[in-house]
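Reviewing the structure listed below.
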Amino acid sequence: MKSLSKYIEALRENVCAICVDSSEEGECTLTEKEVCAIEIYFSRILDIIHSDQADDIDLLTDRLRKEICEKCRASVGKDKCYLRDDANCALDRYFPLIVETVRKVDREVI
């Protein structure tokens, strides 16, 4: 697996830069009391994406729900989440872009 810094750099360029929780400069605007699910679950997200190289985003999303969302304090199981219901979870909102970004990094030749 590539170094984590490559993934973090790519996610900041491709996801954080367009996130609704970022400034015009692409800097995160979340406070200390707010947390970004992408940041908290970063290593687990990588594991999920790397565990299945299939192109079926629905399968990856289902695995995300079972392994991360189900355990999140904002969720009631894998199917009910007040943050997801209000489109306030960056992980849920940007998951397809996160998958695409990670796979692009994986394809890079060093």
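Some observations on this one:
Residue-wise test of (1) surrounded by 18 or more Cβ atoms within 10 Å (Cβ to Cβ); (2) of a type in the set (Gly, Ala, Ser); (3) not in a helix (DSSP H, G or I).
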| position | (1), (2), (3) |
| --- | --- |
| 35 | no, no, yes |
| 44 | no, no, no |
| 55 | no, no, yes |
| 58 | no, no, no |
| 61 | no, no, no |
| 65 | yes, no, no |
| 83 | yes, no, no |
| 95 | yes, no, no |
| 102 | yes, no, no |
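- Candidates 80, 66: the one that is out of contact with any helix residue (DSSP H, G or I) (no Cβ under 7 Å at 6 or more places or on another chain) and modelled with pLDDT of 85 or more is 66.
- Unique residue being under 19 Å from residue 4 (Cβ atoms) and among the hydrophobic types (A, V, I, L, M, F, W, C) when the list is 72, 16: 16
- Among the residues of the stretch 13-29, at least one is at pLDDT 90 or above and surrounded by 15 or more Cβ atoms within 10 Å (Cβ to Cβ).
The values are calculated or read from the model by the stated rules, or taken from the named source; none is laboratory data. The structure presented is a predicted model; accordingly, all values stated were derived computationally and were not measured. Neighbour counts run over all protein chains shown; Cβ positions are idealised from the backbone, glycine included.
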